[in-house]
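Written out below as structure tokens is the structure these notes cover.
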Amino acid sequence: MTKIKQFSALQVGIVWQRLSGLLDETAHVFVRTSFSSVVRDNWDFAVCLMDSKGRLFAQSSRSIPSFIGSMPRTLKIILKRFPKESLSPGDVVISNDAYHGTGHLNDITMIRPIFRDGKLIAFIGSVFHSVDIGGAPSVTARDSFEEGLTIPVSKILVKGVRNEDVIAFMMENLRAPEETFGDIGAQFSAYEIGIQRLIKILDDEQIDDLDMLVEEILGRSETAMRNAIAAVPDGMYSDEIMLDGFEEPLKIRCEVCISGSDLSVDFSGTSEQINRPVNSVLNYTVAYSAYAIKCAFNPNTPNNEGSFRPITITAPEGSLLNPLRPAPVWARHLTGHYLPPVIFSALAKLIPDRIIADCGSPVWNVYFAGKLDDGQRFIKMFFMNGGHGARPHEDGPPCLSFPSNIATVPVEQFENSVPILITEKSLIPDSGGAGEFRGGQSQRLSFKMISKDPVTMTIRHERVKYPPRGLLGGRAGSPGCDYVNGERIPAKSRMDLKNNDVVTFDTAGGGGIGSPEKRSEEKIIQDLESGAVTKEAAERDYAYKTKESL
Amino acid sequence: MSDGYRLGVDIGGTFTDLVMVDLHNGKLLDEKVLTTPDDPSLGVIEGVKKILEANNIHASKLKHIIHGTTLVANAIIERRGSKVALITSQGFRDIQEMGTESRYDTYDLFMKMPAPLVTRRWRFEVPERIGPDGQVITILDESKVIDVARAIASSDVDAVAVSLLHSYQNPNHERRIREILQHESPDIIVCISSDIMPEIGEYERTSTTICNAYVLPTFTRYLARLTNRFHKMGVNKDLYLMLSDGGTVHESTAAIYPIRLVQSGPAGGAQAAVAINKITDNKDNQGNILCFDMGGTTAKACLVEDGKPMHANEFEVARIFRGKKGSGIPLKIPVIEMIEIGAGGGSIARLDNLGLIQVGPESAGADPGPACYGLGGQKATVTDADLILGYLAADNFLGGDIQLDIEASKTAVKNTIAKPLGLSVVDAAWAIHETVNESMGQAAAIHALEKAKRITDYSMIPIGGAGPVHACNIALKLNLSLLICPPSAGVASALGFLVSPTSFTTLQGGVIPLSRLNFEAVNRQILSMEEQGRKLNTEARESTGGVNVEILASMRYIGQGYNVEVGISKKVLISKNIAAIQQLFEAVYLTQFGRIEPHMAVEIVSWRVVVSGPTPEIDLAVARTGAHSDDFSKGHRRIYFGPKTDFISTPVYERSKIEVGREFEGPAIFEERESTIVVPPGSHSFVDKALNLIINLPVKSGTELS
């Protein structure tokens, strides 16, 4: 039996490197064979390894942050229903419970136990976003039952054989079952490769006791995070941020407390849960809070549970950030994406060199549902990113996804798939918040309907009333705005568009950092030349007079 | 055999390598000179003169010159290309600045994005629009084009890239814009995207077109200088250039598509591995090769299967942030597929915030270089570790041209790694060596897995300066049992040029479901692509041997985003056999992903036609003159092979003096001018008829990776 002290720094380093590589490879197999654009283009999924005690010790590196840490909680619920002794090689357990998982029904979690010499040694699991999950998710949903099918904890594979009852149940309730099951099958293949690789690594490195190695890895991650937290002064730092909300605005308040090597975030003072689908279940709240802290304190270590041991996240029960069943949760990113900016602004005075100003997020998207010319129905989602927040020592990049990480779909791909033309995709002048370092520019996207039949459009956009804030003297970015044929429309709406109608979206610009007075003349001239800033804005924001205007 | 010589010249970052074959007797001659970065043609000419003089050959005897260069890649990496303007569809001039809108690093708030090569001021929009089916939605506003053309004509712009939406379906607007531009300024260089890379995806197609325009003036000026210098020394032969996909083309074709040269040197290395593998007479070898090329700052790995390197149709150039995928400029060009790892001899070892050793991607470069160069480097590098472990000899680096300082290495390793970790200097050096080998082995294994291959089915051919030092250790990690170490591994790329066929790939995009394939249109298109390929592959016309035409379709299930390449014969296309195409696709898909989706419909995304001439044969079995000397021993040196064996007194041999057929038991060290082969205990090796050192390693069996 391997003793814990026999893991040298060298061996841990190499094994860890191999484990991370293993999961990236597993993720890659999934992406290459997936059928959905959200998996392929947006990497809206995660693959994780947990030890026999259910501790997450490695996660695919390019996954979007909303999945951080949720898998061990889901595993706990799964083990309640199927204790370890009831699991066999080849079993795969499925669930999409929003309150035990990642916060909405579209995210389907699957977990497969890994056996070695007849003994359960670990779990491989993945969670992915299914574009449709049945039901009628919409901004008007009043509870989570409206939002689609809940798949209770069930075995979808029993010893490698399909459980046809569970599959039939799902097939009947989904609008696009082929796509969802294409992705589920792709994950089954990915697990096979992940498991073979894990066993090979354990054999190569002669590791008998994986749990002990995991403890070593988690311990090192924990120490790294603790060192980073301990390096900044103790204290309480708080801030709040306003959300556009619905009839009324919503508020998130956070208080970050640093004490020695511990860090806690508490969200007391946040608005109460509402009967609109923007409630963020605690798992999702924890994921985006932990993500922000990792980015600010310790961005370059691999992602595992150890990094989060020194961190406590709390939110009052019944609040927007810890809702009770059956509050609707479908569009919880409209709340969750505000957590990194409010945590960063709370920490701005403490660690001004490690944070960024507000980005033009929550990420915007639009759903188009209509008919192709041959009568076949289509439903298409398109994501649009806003400007990135300014950085402490440089301007924010234009149109860069944060805190999610969602790539844009190429214009030519989009137009090949649906009868809608994109007539403009361009950077908006003066959209980046002024500052010593300017916020990133946002974009204008225009879509023209060219099908015979009307197209139903659904949007739910934030940052229209409250634009992305600047930090440390920097100004806010421009707010977002939606138009149909040049007329403003509500940012949360659903409407039918007819042939030749043009819908236009201006996403929100990133916030600036530092006083605009400190901006260098060189940068102002560059902005004028590129058109990022107009003459009028240069004069207004930077008191800069161009030669022509003098 | 005919009279005269064929010459391969590869300009690398540090050295310009030359390999020449005597067409009369098939013998190879090598030369290596320093690269002259300010005007690389000077180095080439110096090298050519040197190799001719050293072998007493008259310049007129050069029959054929094949050339590869880092010039194209470096122009982009160092941003030293020409001033380019972009003309694009109304409403879309900012596409290059927005890119994919995604972050390539999830946690780093400050990751860098590459700045666009064309600033916004020089990106022009013109009213026009073509739909996804190629139909004109808005006709081109020529008066606006004339305005833009005049603005460009009166500026200092050297070249114009034109990239309109859906031009891969209908190139007419782009062609008309080119005419107008050339009418307004007859000398201006214009690259249109429907010519450079007619494939779906506006961001990548446009960036490829811009890069082509960006390097074109520099490249053609360089070619003119080089040709001029050759003429002055009495060489009047046309030049051939090595492309990134392993084919060579006449200089006139290279001058139209210079971006396709971006990886010419590494492509040569892969082609050399193919040739070396052909001649080895080892029975265990199944023709599957892992070509492992490790130099000063990076290592590259390429898989060769059944004598063919793997291909890809995309490449990322000029990564600006820790070599990370996504931090560079995307190109759509045919390339030999390789993975690149930011780990070479100069890579720096450091401790991360977990107290674990990380090696690279930061490199000490050539100046100050590794601590042992004695040029002021304080940081421990891979080369320093290799010196401490005894793999390198202090007085034999580059044939003794550089005297290495082992004490400086020990100090650097001690201060930066050993002391903080409480390890001995030797243990720390071993840890550095192991860590870098693990990175490379893992990257190679992942690469193989991505291709649904088992790395254990491969033999390794190590090339590059540092490749042979690390090769055996990496092979042991990967459970590879066989290595083929060619002589003159340091000039392998230039040798590769001499064994590459002339070849040109044409491409045409256009997404269509297989069930709705219009065979008349496809056959017409393939024919015209073949004609274009024959036109651009001038050698294919001159060649007495047969011309090979390969037709490839990029295919996938409808709804997927990644394609597989399916070879389809003309016969199948002419007989309009949809079922046969479906079967061909399924066979490839099954091999790559282990399953098929019988209920899903299939689509074709693009077509590729490769027109290639015959592959030039060099009989490597007679190409190198073996020495007949018993005087190859250079004594013994203490070499560290890991904590189990500690330092072992190991025989050191002079590689160039060992004759064919000689056998050795490991451990052993084989020294050459530019590299050293480190052979571990328990191995058996011999010198084959082509003077390759064939190493059989003692690998474990039964733990294969599938």
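Read-outs throughout are calculated quantities, based only on the coordinates presented, and are distinct from any laboratory measurement. This is a predicted model, so every value here is computed, not measured. Backbone-built Cβ (ideal geometry, glycine too); neighbour counts: all protein chains shown.
When the Cα positions of A:PHE30, A:LEU528, A:HIS337 are compared along the charge dipole of the protein assembly as shown, A:HIS337 comes out farthest toward the positive end, with charges on each C-beta of Lys, Arg, Asp and Glu. Each of B:GLU665 and B:HIS183 was given a label point 7 Å from its Cα along the Cα-to-Cβ line. The distance between the two points is 8.3 nm.
Potential lengthening of the chain between B:ILE574 and B:LEU351 amounts to 74.1 nm, from the contour at 0.36 nm per residue minus the alpha-carbon distance. For region B:117-257, give the share of DSSP beta bridges that are antiparallel, in percent and rounded to the nearest 5; count only bridges with both residues there. Antiparallel bridges make up about 55 percent of those DSSP assigns within region B:117-257.
Between 0 and 90 degrees, the angle of helix A:282-297 with respect to the longest Cα principal axis of chain A falls at about 70 degrees.
For B:ASP38 and A:ALA136, a Förster radius of 60 Å and the Cβ-Cβ distance give a FRET efficiency of 0.30, rounded to the nearest 0.05.
Among beta bridges identified by DSSP and lying wholly in chain B, the antiparallel ones come to about 70 percent. Across peptide B:406-417, the mean count of Cβ atoms from other chains lying within 10 Å of each residue's own Cβ comes to 0. Centroid-to-centroid, using Cα positions, region B:102-145 and region A:464-534 are 19 Å apart.
Paramagnetic label reach from A:ARG488 (point 7 Å along Cα→Cβ; backbone nitrogen cut-off under 16 Å): within region A:496-520, residues A:504-509.
Remark: spin-label model distance A:ALA543-B:ASP156 equals 3.5 nm, labels positioned 7 Å along the Cα→Cβ axis.
Rounded to the nearest 0.05, what FRET efficiency is calculated for B:GLU654 and B:SER2 with R0 set to 30 Å and r the Cβ-Cβ distance? The pair B:GLU654/B:SER2 has a calculated efficiency of 0.30.
Per residue of A:12-19, other chain Cβ atoms within 10 Å of the residue Cβ number 5 on average.
Residue by residue along B:347-354, Cβ atoms of other protein chains within 10 Å of the local Cβ number 4 on average. Using only alpha-carbon positions, what ratio does the radius of gyration of region B:500-599 give when scaled by 2.2 N^0.38 Å? For region B:500-599, the normalised Cα radius of gyration is 1.20. Report the Cα centroid-to-centroid distance between region B:154-218 and region B:611-656 in angstrom, as an integer. First find each Cα centre; the distance between them is then 50 Å. Annotation: for a label point projected 7 angstrom from Cα along Cα→Cβ of A:SER61, residues of region A:33-48 with backbone N closer than 16 Å are A:47-48.
Exceedance of the 31 Å cut-off in Cα-Cα distance is limited, within the set B:LYS237/B:LYS535; A:LYS518/B:LYS324; B:LYS32/B:LYS419; B:LYS535/B:LYS576; A:LYS380/B:LYS325; A:LYS251/B:LYS112, to A:LYS518/B:LYS324; B:LYS32/B:LYS419; A:LYS251/B:LYS112.
The listed peptides B:10-17, B:395-402, ordered by packing as a protection proxy, come out as B:10-17, B:395-402 (highest mean of other Cβ atoms within 10 Å first). Our note on the geometry: Cα centres of region B:479-540 and region B:354-390, 40 Å apart. Label zone of A:ALA231 (point 7 Å out along Cα→Cβ, amide N under 20 Å): in region A:266-302 this covers A:290-302. Taking every DSSP bridge with both residues inside chain A, close to 95 percent are antiparallel.
Think of it as helices only: each DSSP H run of n ≥ 4 in the protein assembly as shown is worth -39500 (n - 2.57), and spread over all residues that comes to -9000 deg cm²/dmol at 222 nm.
Spread over its residues, the convex hull of the C-alpha atoms of region A:4-222 is 119 Å³ per residue. Once the C-beta distance of B:ALA59 and B:LYS689 is scaled by a Förster radius of 45 Å, the resulting FRET efficiency is 0.90 to the nearest 0.05. The modelled label-to-label distance for the pair A:LYS371/A:GLU517, using points 7 Å beyond Cα in the direction of Cβ, is 6.4 nm. Derived scalar couplings between HN and Hα for region A:193-209 equal 5, x, 5, 4, 5, 4, 4, 4, 5, 4, 5, 4, 8, 6, 9, 8, 10 Hz in order, rounded to whole Hz, by the Karplus curve 6.51 cos²θ - 1.76 cosθ + 1.60 (θ = phi - 60°), x for Gly and Pro.
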